[in-house]
Number of protein chains: 4
Amino acid sequence: MFEALKNWDRWSDADQLGALNHITPDCRVKAAHLVATGETISLSHDLATQPMPEDPRPVEHHMLASGDARDSNGIPGYEAARDHLALDMHGLFTTHVDALSHMFVRGEMFGGRPASEVRSDGARFNTVMAMAEGVVGRGVLLDIPRARDTSFFTPAEVVTIDDLEAAEESEHVRVGRGDILLVMWGREARRKATQGFDGFSGLHAECLPWLQEREVSVLGSDGISDPMPFVGTPDWPFPVHQIGITAMGLHLIDNVALQKLGNRCAQLGTWEFMFSMGPLRITKGTGSPVNPIAIL
Amino acid sequence: MFEALKNWDRWSDADQLGALNHITPDCRVKAAHLVATGETISLSHDLATQPMPEDPRPVEHHMLASGDARDSNGIPGYEAARDHLALDMHGLFTTHVDALSHMFVRGEMFGGRPASEVRSDGARFNTVMAMAEGVVGRGVLLDIPRARDTSFFTPAEVVTIDDLEAAEESEHVRVGRGDILLVMWGREARRKATQGFDGFSGLHAECLPWLQEREVSVLGSDGISDPMPFVGTPDWPFPVHQIGITAMGLHLIDNVALQKLGNRCAQLGTWEFMFSMGPLRITKGTGSPVNPIAIL
Amino acid sequence: MFEALKNWDRWSDADQLGALNHITPDCRVKAAHLVATGETISLSHDLATQPMPEDPRPVEHHMLASGDARDSNGIPGYEAARDHLALDMHGLFTTHVDALSHMFVRGEMFGGRPASEVRSDGARFNTVMAMAEGVVGRGVLLDIPRARDTSFFTPAEVVTIDDLEAAEESEHVRVGRGDILLVMWGREARRKATQGFDGFSGLHAECLPWLQEREVSVLGSDGISDPMPFVGTPDWPFPVHQIGITAMGLHLIDNVALQKLGNRCAQLGTWEFMFSMGPLRITKGTGSPVNPIAIL
Amino acid sequence: MFEALKNWDRWSDADQLGALNHITPDCRVKAAHLVATGETISLSHDLATQPMPEDPRPVEHHMLASGDARDSNGIPGYEAARDHLALDMHGLFTTHVDALSHMFVRGEMFGGRPASEVRSDGARFNTVMAMAEGVVGRGVLLDIPRARDTSFFTPAEVVTIDDLEAAEESEHVRVGRGDILLVMWGREARRKATQGFDGFSGLHAECLPWLQEREVSVLGSDGISDPMPFVGTPDWPFPVHQIGITAMGLHLIDNVALQKLGNRCAQLGTWEFMFSMGPLRITKGTGSPVNPIAIL
């Protein structure tokens, strides 16, 4: 499947955008026309500063000057607080986007670039700068549990093409060219039910050709798109990451907060909206924390 | 002026949004209708990882696993790069938004809350979470040097009400309720001309009542909105920060990259556009790095 | 007890050394004369970079340039690796020393200085700089489990004066003026036995007057000197920290690795040795990671 | 010279200690007997938290809880301050020791190990753990400016074998087997005189065979042992680092604070002393910040 889905020369041999090429200006104009109520909904979790099972290395937020040192700048009359943020970009909780340099298959990145191009002083190709000008387009939420009349999928239940298409049908929407597709399996409901963390549902590898065919530009999920713990073929533990990112050039948004959006879409009876995301311009980065916004 | 512009009880005594209250859903719907070409332009600088005069403490971007350790996760077949980002949120280069907890005047924040509510373990009020659901609305760029037929203002030249209104006239736009106002004095052109850093132009304090009257929701500038080095009244070195944030509840976006947007607006002959920004959800933060996106 | 053990004016009202005043040059000369075999034993754990129950926020060790970027300095022919270390100074695993600014009792530090003198931009008094010139003197290890003919104390068993004196007797040593006293209850053996973490044994508060009387200069333990979880008087959960540091001015070394030293002392039949420790010169620090060395 | 000085198989082909093999227990016993006055002198600079020309990336010292959040642990009655330290290990100001994994020559480390053994997840060989049990022995300070009757060497003046031997003669000391040799060219005096930073004096490459012959175990300097900016052979910009560390297995201590020690040695008329240093146990580290202690 890896070979069959390779987009390495699809756009050009210098291409570093991958499936982002599917989003055209026209997609954005149409997406803007979807704005109806003027509401915005954040698709990011609060950054967690305490360790959790799914987030053993949380964000560090340090005050450099709190109220007690508001004079520390030394400018008479000027009183300010300052702070510092440090975080690992990837993982299972922080809402972040994966650049194409995040993944390798047998030592190669998207475009056939060697792993050695991601050095300890940063990535030289396939960086998060592919999204530097922002990712704006039509967002489509496929609320899988709703279509299946359940609250959530368990980690043992995998999202199939059937599930995706059942959600399309139920929502009267069709995923198409340039869409930012958000697949919800019910992480937040699952966490509430289990009061703990026992893994993620996610997309079966069979969905990858479907995503390619539909010309999706970006894929996000309330999990990490891949089921976890993984099941499947040896050496392909996370096929959506391995094949989606590396072969197809598909940027993934992990740990998207979708519950609130799902609830509101159900109320409004529409699961398409304008989507806007501005990844930080980390010139050699393999990803970025993000707060994507749905504009309804 | 501080007393005259106070919005501490304007919306409610529990209010932590300040001038963000001016953005209504209706503003966002109208902003979406401005999208014409479908282009997006980032308003953020690349995060700088090398020290510069205006940025003595640059961003730290560390690889946790580069290509040479792509096996470090221990999962057979899974090859990934991971990285770490650390940054001070405020300062003179990183594009960031100031929360209302960033500034104090004589020990008080917006709403009259005491400085002691910003503790060394984080801010308890007036945090960046006021913008957690995103800041989306009409962006208006006032390109001051263009209206004044020059390439940039020097740090000694201050932007006055006359300058703002001259730009409005020249651009056939009128700043109004809920707008995200971006005031450009030509930082990037100035840096190119001087090949160095000698300070910022910015808004004269007389602009503050004008901003209040126009019901601007957010103010951004290619500098820090305040001129620097400062001139003016003792103990009021940065009046736009001190009065704008603390009295008026005006969120400021500092170090906005405006040159590219300015060039494109001039080509298109329009200086209004849809603006979208998703600050990171730092629950106790006094600001956030951002990559705001203009959607033309 | 807090009032009775106060050393706030014992040496001078400007004193920030506390019990370190007990170490005189003469103590160091005598300590040097204890060196017999010329062996050195480190009293520090390896810095942990993976989360553990007793260390949920481990040390971060990041390579800035590994072998793959050994050219990143830009100097022809010069090939180097560089790294970065970040750590929280206190906690239950990293071997560290507590400065007198680490603890407060009802808002006061050692010397009666107010808590507000430890600001978010650093401590202004009672910093780790009290030990800037190093801590060198006679180290004495009291191996409590050995004296009690057991492998370790459980968290429910507390070290009493009787235990200390039993160890003195068994080891033919008497703790005295200026000594760096290391009290071992068997943390490493306990961890091995339980294959987990269930707390620490430590000194009963009744030992504090004994430590004062013996004129100990520094106290270390394989735990944190205090038992944990704590038992005792309300509002005095960690009396050795609260009274020892704040009233007595006793610097504490937490999480000292004592097993190897204990084994060797038993072989040699002597539990006194030269002790040397060089805390990092963190000018406003409330502690420092350390690697104390026993020289036998 | 690189080939001639190679110690790669001198002790064993698995050796990772290099010249540290020269320090024997006997050296330490003799060193302890040098202790006469019982004074200790720190050989470390204060960690710098503000950028300087020679230290563009200073140490970060962040309070996690200052006095204003002394209750943040949540334990009734327990009031504590906590802090966080982050630093780059190498560079031109922080007093630190270089592990043998810090340097490569044409892709090889000490022992002929390939650069790829220092990965982005840490060094696998030649780490700072070679010094985990501490470095204790006879320290010898060669005060070169004093022997040459000047206050400091300029960056253009290089320390030669003649200079080393002149200092030996003047100080009535002979550098020998196992010594920790500290070579002072007067950095602190130079900084005072120039009120700025214009580089370092250091040892001429001709000193390397001399160091080998004398069987020095560790070399430190108030600079970085190498002159800087460098002069010399193309592709060998820093021969003391390149040949000393990589061929000879000589651990280097950079940026040692020697002025105070130099002054005191001159008063006492002796330049030998007991030296003790406990590098942090960074299991995969290429160096460590240190506070070495001279015990006189």
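The numbers here are math on the coordinates, done by the rules we state, and not lab data. Bear in mind that the values here come from a model prediction, so they are computed numbers and not experimental data. All Cβ positions, even for glycine, are placed from backbone atoms using ideal geometry, and neighbour counts span all protein chains on display.
Counting Cβ atoms of other protein chains within 10 Å of each Cβ in C:103-115 and taking the mean gives 3. Give the shape of region C:29-98 as rounded, prolate or oblate, defined through the alpha-carbon gyration tensor: a ≥ b ≥ c are the square roots of its eigenvalues, a/c under 1.5 means rounded, and otherwise the shape is prolate if a/b is larger than b/c and oblate if not. Because a/c hits 1.5 or more and a/b fails to exceed b/c, region C:29-98 counts as oblate. Report the paramagnetic label zone for residue B:37: residues of region B:265-286 whose backbone N is under 19 Å from a point 7 Å from Cα along the Cα-to-Cβ axis. It comes to B:265-276, nothing else.
Taking the inverse of the mean 1/r over every pair of distinct Cα atoms in the protein assembly as shown gives a Kirkwood hydrodynamic radius of 32.0 Å.
Electrostatic bookkeeping for residue B:254 treats Lys and Arg as +1 and Asp and Glu as -1; over the other residues with beta carbon under 13 Å from its beta carbon, the sum is -4. Computed on region B:79-216, with alpha-carbon pairs under 8 angstrom and 6+ residues apart, the relative contact order is 22 percent. Residue and distance for the chain C Cβ closest to the axis that moves C onto A, in whole Å, come to C:51, 3.
A Gaussian network model of chain D, with springs between Cα atoms under 10 Å, assigns the largest mean-square fluctuation among D:122, D:244, D:202 to D:122.
Taking only C-alpha pairs under 8 Å that are 6+ residues apart, what is the relative contact order of region B:1-128 in percent? So the answer I get is 21 percent. Placing R0 at 45 angstrom, the Cβ-Cβ distance between residue D:10 and residue B:52 gives a FRET efficiency of 0.45 after rounding to 0.05. Taken residue by residue and averaged, Cβ atoms of other chains lying within 10 Å of the Cβ of B:33-45 number 5. For region D:165-296, what class follows from the C-alpha gyration tensor (a ≥ b ≥ c being the square roots of its eigenvalues): rounded when a/c is under 1.5, otherwise prolate if a/b is larger than b/c, else oblate? Rounded, since a/c falls under 1.5. The distance separating the Cα centre of region A:3-39 from that of region A:49-114 comes to 27 Å. Pairs spanning more than 23 Å between alpha-carbon atoms, out of D:192/D:260; B:30/B:284; C:192/C:260; C:30/D:30; D:30/D:284; B:192/B:260: B:30/B:284; D:30/D:284.
Excluding same-chain neighbours fewer than eight residues apart, the aspartates and glutamates reachable from residue C:6 by a Cα-Cα span under 14 Å are C:15, C:108, C:213, C:215. What is the distance in Å between the Cα centroid of region C:152-208 and that of region A:238-296? Cα centres, region C:152-208 to region A:238-296: 54 Å.
The helix-based estimate of mean residue ellipticity at 222 nm for chain B, built from -39,500 (n - 2.57) per DSSP H run of four or more residues and divided by its residue count, is -4500 deg cm²/dmol to the nearest 500. Mean-square fluctuations from a GNM of chain A, with a 10 angstrom spring cutoff on Cα atoms, peak among A:120, A:201, A:12 at A:120.
For chain D, the alpha carbon convex hull comes to 159 Å³ per residue, rounded to a whole number.
The trypsin sites (Lys or Arg not before Pro) of region C:98-144 meeting both criteria, a DSSP state outside H, G, I, E and B (loop) and at most 12 other C-beta atoms within 10 angstrom of the site's C-beta, are C:106. Residue by residue along B:90-98, Cβ atoms of other protein chains within 10 Å of the local Cβ number 2 on average. Counting only DSSP beta bridges with both residues in the protein assembly as shown, the antiparallel share comes to about 75 percent.
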